[in-house]
Amino acid sequence: MTSQPIVRRDGHTHTHFCYHGSGDHAELYVNRAAELGFGTYSLTEHPPLPEELTSRIPNGQALIDELAMPMERLDDYLRMAEELKTKYSDRIKLLVGLEVDYIPGMEAWTKELLDRCGSRLEDGVLSVHFLPGRGGWRCVDYTADDFKEGLVDYYGSVERVYQAYYEAVEQSIEADLGPYKPKRLGHLTLIHKYKDAVTPADPDCCNDAILRILDKAQAKGMELDVNLAGLFQPLCKEVYPPEWILREAVKRGIPLVYGSDSHSPAHVGRGYDVFERLMAKVQAD
Ligand SMILES: [Zn+2]
Ligand SMILES: [Zn+2]
């Protein structure tokens, strides 16, 4: 029996333009991916963030500085990615991309950013990392203490934080971000990152919201990032998103794309075996 060879693809990775990563050059990541037999690899760095957001993050300049590159670096990033793409074209297919933040209320700023560089983008992830919280905007995946103090205490319960997050994800699908809007939803359940550090949430608290998100993603022809980073987070140990959601996505014909979300070359391809097993399971039903 012959079967179509599957091209290994990593659709979500970072580079030395990420200031909360290892600092290693993107080329080291790409080399690692080629060594591991990946055929397609997306560079999806965090683009700059609006001043309107960064000026209202209360937990310090150190965090703000490491969130994303400044605007004047964006062109350097894109050029670096384009040069690597050419240099490695006979070894691996690189896609130039970004992991774009959906920030509720800042759609116009985000659309303008995408209008400016979108014609150079070949792939992209759309993620929610920020929610309104105590004292301004809070990063949902910074630290467990920050999550508790800035979000859980502010919203009153873990369930309410989850609900606010999924509401933002739902809005991200509907938002008009122009023709270059990324079509893959990043780490759909990132809000579970510190789940083992807080009072366990009612496991069904957001099922309706999640199913609605999947229906809308299907209607808009979007894809899902199957992000393995969560599995290696000590307070999460769960793929973003978990199996039941992947099963629902398969039912709706939503394409699922593996993402290592590498912030260091050593993380490229991490958990790909788990991804393959999961895919075999959810597609067999
Ligand atoms: Zn992310
Ligand atoms: Zn990422």
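Here are the numbers:
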{"quantity": "Lys pairs under 18 Å by Cα in the chain, provided they are eight or more residues apart or on distinct chains", "calculated": "15"}
{"quantity": "Among Pro242, Pro50, Pro203: highest mean-square fluctuation, GNM of the chain, C-alpha pairs under 10 Å", "calculated": "Pro203"}
{"quantity": "Computed log₁₀ I(q)/I(0) - Debye formula, equal Cα scatterers, no solvent, the stretch 41-81, q 0.18, 0.32 Å⁻¹", "calculated": "-0.56, -1.14"}
{"quantity": "Cut-off of 10 Å, at most 16 other beta carbons, DSSP loop: longest stretch of the chain lacking such trypsin sites (Lys or Arg not before Pro)", "calculated": "1-55"}
{"quantity": "Phi to ³J(HN,Hα) by Karplus 6.51 cos²θ - 1.76 cosθ + 1.60 over the stretch 279-285, Hz, x for Gly, Pro", "calculated": "4, 4, 5, 6, 7, 6, 5"}
{"quantity": "Taking the chain and dividing mean pair separation by its residue count, relative contact order in percent (alpha carbons under 8 Å, at least six apart)", "calculated": "20 percent"}
{"quantity": "Signed unit charges on C-beta, dipole axis of the chain, positive-most listed residue Val158, Ala168, Pro179", "calculated": "Pro179"}
{"quantity": "Candidates Asp115, Asp273, Asp141, ranked by Gaussian network fluctuation over the chain, Cα under 10 Å, top entry", "calculated": "Asp273"}
{"quantity": "Cα-Cα pairs of the stretch 9-284 separated by more than 24 Å (percent)", "calculated": "47 percent"}
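No lab work stands behind these numbers, since they all come straight from the coordinates. Note that this is a predicted model, so its numbers are computed, not measured. Note that we place each Cβ from the backbone using ideal geometry, even for glycine, and neighbour counts take in every protein chain shown.
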